[in-house]
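Bear in mind these aren't lab numbers, they're just calculated from the coordinates by the rules spelled out. Quick caveat, the model's predicted, so the values are computed rather than measured. Positions of Cβ are generated from backbone atoms using ideal geometry, with glycine treated the same way; all protein chains shown enter the neighbour counts.
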Amino acid sequence: MRFLKWTAGLFLLLVVVAIAAVYFTGLNGLRGPISRITSEKTGRELLIEGDLRPVWSWVHPRIRAERVSFSNPGWAKEKYLFTADAAELTISVLPLVAGRVVLPEVHLVRPVVDLEQDSQGRKNWILKDEPRPDQPSRIQIHRLTLDHGTLAYDDAVLDISLRAELSTDATGVAFTTTGKYNGLALAASGHGGPVLAIRDNDDEPYPLKAEAKIGSTAAKVDGKITGLVGLTGVDTTIQLSGKSMDELYKVLGVAFPSTPPYNTSGHLIRRDQLTRYESFTGTVGESDLAGTLQVDTSGKRPFMQGDLTSKVLNLADLGPAVGTREKKTEKVLPDAPFETSHWRSVDADVKLRAGTIERPEQLPLEHLATRIRMQDAVLTLDPLEFGLAGGKLTGVIKLDGRKETIQAEAKIKAQKLQFAKLFPTIEVAKASVGDLSGAIELTGTGNSVARMLGSSNGKIGLFMDDGSVSELLMKMVAIDLWGITRVKLAGDKQVKIRCVVGDYGVKDGVADANALVFDTEVVNIGGSGQIDLKNEQLNLTLFPEPKDGSVASLRTPLYIRGAFSKPKVSVDMKRIVAKGAGAAALAILNPLLVVLPLIDDGPGKDSNCGKLIAELSSAAKTAAKKPPASSAVGASQSGAAGSGQSDQR
């Protein structure tokens, strides 16, 4: 036992003497061996051109090296990965046994660091003896402080080139950064704490206050970051703004829709692979927007979830999202293409609700609620609900972007649309009563809304089986001059609507009217013609037939022709001229006979409303039960002719 004690005491004395000798004589003799060993292990040259000496420390061995440089691999653009006027570091002894280098503290004086990834994905900070590039490095730095420095990062894969200047003051590290990120110009500045926490440790958050602009996207952050290299933890307030959210694809690698200029602020939290932007508020165009979005990056692609609300949504702000161009054209249907190449960057499940919709007076939209889902480049709005004219449109829209050309499917059900609210700008229609119902089911192909509708096939059907409408309006449609005068003198009143039926078959973007009927107690209006969705042209003819006799009815068809943007309503001038010529000839014989050619015996007949509505209602119910892939629609395949006679099938 005494021998062992003497042996241990002698060994301890030798260690103390060795440490004292090293402390007082320096470590310059070890510069050569350290450089050789480092080169063998890493394939890089380490130079220590100044003094190498120990620094007193109670816990870990601490070493200071003057004029240090560490070379880059041969393929890199810069000669050195790292240079510094001086580097002072502490070393944990026990991890060395396991082959790991753990540096609890590193202080750098005027460092210059050049990080680079080339077009082949090679990274200059991955050393020769690393297990694999995708595994954690064997060299770990827990805390880093510096006295002025320059950091450069170039990434040929992501088109990133950044230069940051860092300086210290009494409260921490100030920095300015310029360059490009994913091809977009970048400028940033800010201030952080005095110690950079390099390891991913939730116990050591790093305070950060900064402003940055990438392209048109601007951000202001004020909070704390944990794991400065991996950004494994973020807890900060953030203000985010830009010209359009779709630019965030280049910033975050996640697809967002095109939008008008936006400005939001909220709380950004990140824990490992889950990033959450919670309780944010802001504006998109002239609309307000609030809610929470989160992105989980643990799967094969990021998965976005969210719940968004808008108290007042301006309809114009939805334009970019559905492909409406900013510049004005003669076209009405949105024709800007969707960027389907970005759809595979993210899967999503986001709910959106708008309480009130600001829109043109002619378009009676009231509210919006939908669930937006993206799965493997297939975008689905299910359910989709619009408040419209006191009723609602509900259904499903599916856009399959897995191929070069989008495959589109839409199944929409119309429920109790109030006739008076459908035409809010027509004064005489405001007192009308009645609910329209029906269904739309279309399939088409194309990378814009216009192309989808221009190639669509399917059915459109609307019907109303009860209600009332202005008698004056009906007399005006029938161009019943005597009737108009009589109603104006006696006062307008409501007349019963027997039925309204609109049944269209759509093929290759052209909707043909199978049945077009507006049957009231006083006038039966039939119709025929086409709506060309591909060329945005109308070609419809209405046949008003008064049911009562009139002494001054022109009884002429009404023609609705022209582009969607500028439709024109006209009458049959030949018929009017012929009636006028007949009246003039009779007036020569006897002025009392002038009205004879204008007298209408009122032979207009009732339509077979019951049969028409029964068929449309049955078809609508059948279509509503079918899955979105079905090509049927809630409308009858055939209908009555425009004359208003009972349909013959």
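For this structure, a couple of remarks:
- For the range 221-304, size of Cβ-based charge dipole, Lys and Arg +1, Asp and Glu -1, in debye: 340 debye
- Neighbours of residue 88 by Cβ distance under 9 Å: Lys/Arg scored +1, Asp/Glu scored -1, total +1.
- By average C-beta atoms within 10 angstrom, highest first, the peptides 471-479, 79-87, 273-281: 471-479, 79-87, 273-281
- Peptide ranges 247-258, 489-500, 449-460 listed from the most packed, as the mean C-beta count within 10 angstrom indicates: 449-460, 247-258, 489-500
- The range 38-89: C-alpha gyration tensor shape, a/c 1.5 cut-off, then a/b vs b/c: prolate
- Other residues whose C-beta falls under 13 angstrom from the C-beta of residue 504 contribute a net charge of -2, scoring Lys and Arg +1 and Asp and Glu -1.
- HN-Hα J in Hz across the range 359-371 - Karplus 6.51, -1.76, 1.60, θ = phi - 60°, x for Gly and Pro: 7, x, 4, 6, 10, x, 6, 10, 7, 9, 8, 7, 10
- The Cα atoms of the range 473-538 give a gyration tensor whose axes a ≥ b ≥ c have a/c of 1.5 or more with a/b greater than b/c, which makes the shape prolate.
- Global form of the range 240-347, assessed from the alpha-carbon gyration tensor, a/c cut-off 1.5: oblate
- The packing ranking of peptides 356-367, 399-410, 32-43, highest mean first, is 399-410, 356-367, 32-43, where packing means the average number of other beta carbon atoms within 10 angstrom of each residue.
- Neighbour-count order for 58, 343, 75, fewest beta carbons within 10 angstrom listed first: 58, 75, 343
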